[in-house]
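Values quoted throughout were computed directly from the atomic coordinates according to the rules given, and no laboratory measurement underlies them. Owing to the predicted nature of the structure, the values given are computational and were not obtained by experimental measurement. Quick reminder, even Gly has a Cβ in these numbers, built from the backbone with ideal geometry, and neighbours come from all protein chains shown.
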2 protein chains.
Amino acid sequence: MSLSIDRDKRQAADKPTLYKQIRLDIERRILTGEWPPGHRIPFEHELMARYGCARMTVSKALSELAQADLIERRRRAGTFVRRPQFLSAVLQIADIRAEITALGRSYGYQLIQCSRRAANAADRARLGVRKTGKVIAIACRHSADDVPFAIEDRLIDLDAVPEAATADFAIEPPGTWLLHHVPWTEAEHSISAIVADDRAAAALDIAIGAPCLVIDRHTWRSARTLTAVRLIYPGESHKLVARFKGG
Amino acid sequence: MSLSIDRDKRQAADKPTLYKQIRLDIERRILTGEWPPGHRIPFEHELMARYGCARMTVSKALSELAQADLIERRRRAGTFVRRPQFLSAVLQIADIRAEITALGRSYGYQLIQCSRRAANAADRARLGVRKTGKVIAIACRHSADDVPFAIEDRLIDLDAVPEAATADFAIEPPGTWLLHHVPWTEAEHSISAIVADDRAAAALDIAIGAPCLVIDRHTWRSARTLTAVRLIYPGESHKLVARFKGG
DNA sequence: GGTATCGATATGTCTATACATATAATCGTG
DNA sequence: CACGATTATATGTATAGACATATCGATACC
């Protein structure tokens, strides 16, 4: 009673289970435009009949498609193909030490400067806080195979992260320490390009005026600022790569 | 370019069902580091006992976490916490026209050059294809409120996207046309920084040597290259912003 | 016309059970 | 010991049935 299902011919990788066949079949119809955005997908009981299976099985296929944001399910109304999504990229950025070691290169770290002070006006502006308080200001450099990889300029709000007072940033990079000790709930990246000034050029061993990629990252826990960091990478040697799926 | 970003929104007012509670509970333990990468999550039968439910219920929770790449499940061995993606941002990138108009600014578009030709060696390398075939090469400029916003340099594989031959890229930007006519399954971004050469400087009305942000985007449908595009933005006036949640 | 109620309906969650399948661990044999 | 065969086990898929829940539409009421 089950009717034949077109199999994806370009990859015969894993064994097709029924719910995966259903998922791929629907996915194909959506991606080819046969079922355009807004189209109502057949009801679960219709799909049960079409594929000759139990409702839980089609439900599993549809749930995965919903989790992948390809379709939208509404009680009583039915299941619908979602509006075309914008390109959506998952940018995965490990901390720098993990990133370099993951590449199989040796990681080097030099603390350039680390001071503890009462937040001045510039610090407060950068952290986006109003009250005065204590901060730690850190400048350091990361290198891969002894070649400068990035320089880091960081402020940590000591009132929000009091444990940071006990950390030794001469040994462990602040980014790594924070990731392992401080849970965060929100972050914001701002990526831009600058040309190297004399300080950056000297630290990165590049020419003044060379292009650099800049990541400004601000991290919060429940609306409370934890840290603000600026990372400067040589722009020609470094790339941020994001690979993703969409439809 | 203020590529806008928000992260998933639909977790807020969910009534806690059992499987969701289980999922959130495990998610929390992973994100707080209580269960670090490589840690073996309790077996399904242990979780059944802990939460007092059927195996299908914990299985559903674990399956969703596996689909989100937070955990890895191996038959006979168990379920393990994956190497965390420390920072992961969902960048939602509209095509440039939609982006500019969404900002309430007027969109302008100028086609600089458009030609159809047999792919030369450089084209094939850029598209990552072996066979010779026809391509469309396009250069154009996007502006917001009559200020240059970005320049675009694009190749379209005509064998993969034959419909592109009928499009009029003097009227509609190629990115917009593609987004509306060609479904894609995979894409890759590479973000880097360069300094403006004379051509970019002239087109963007900036100084030669000024920093620029570059996005190289490659798009596939089922392992078939569709298009490769390089977008160059003035680096000081535009930023890629990603805001997201995490743990 | 406007509004409150209520029933029908599609999805959402959960259970208990069954068998399939991949593979870590063990056992047996040369 | 080395190595192939066997077994135990955790996950993977599938089922039928039950009840929950959101909500569209119609009906009744003001």
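What to note about this one:
- Inter-label distance for B:R74 and A:Q110, nm, one decimal - labels placed 7 Å from Cα along Cα-to-Cβ: 4.1 nm
- Taking other residues whose beta carbon is less than 14 angstrom from the beta carbon of B:R116, and scoring Lys, Arg as +1 and Asp, Glu as -1, yields -2.
- Put simply, the Cα atoms of region A:18-81 extend 26, 25, 19 Å along their principal axes, the longest span coming first.
- Value of D in µm² per second that Stokes-Einstein yields for region A:96-234, Kirkwood Rh from Cα pairs, at 25 °C (0.890 mPa s): 158 µm²/s
- A:R117/B:E163 FRET efficiency (R0 51 Å; Cβ-Cβ; nearest 0.05): 0.25
- Under 13 Å from B:K131, Cα to Cα: aspartates and glutamates that are on another chain or at least 8 residues apart: B:D123, B:D157, B:D159
- Using a Förster distance of 45 Å, the FRET efficiency for A:T101-A:T32 (Cβ separation, nearest 0.05): 0.60
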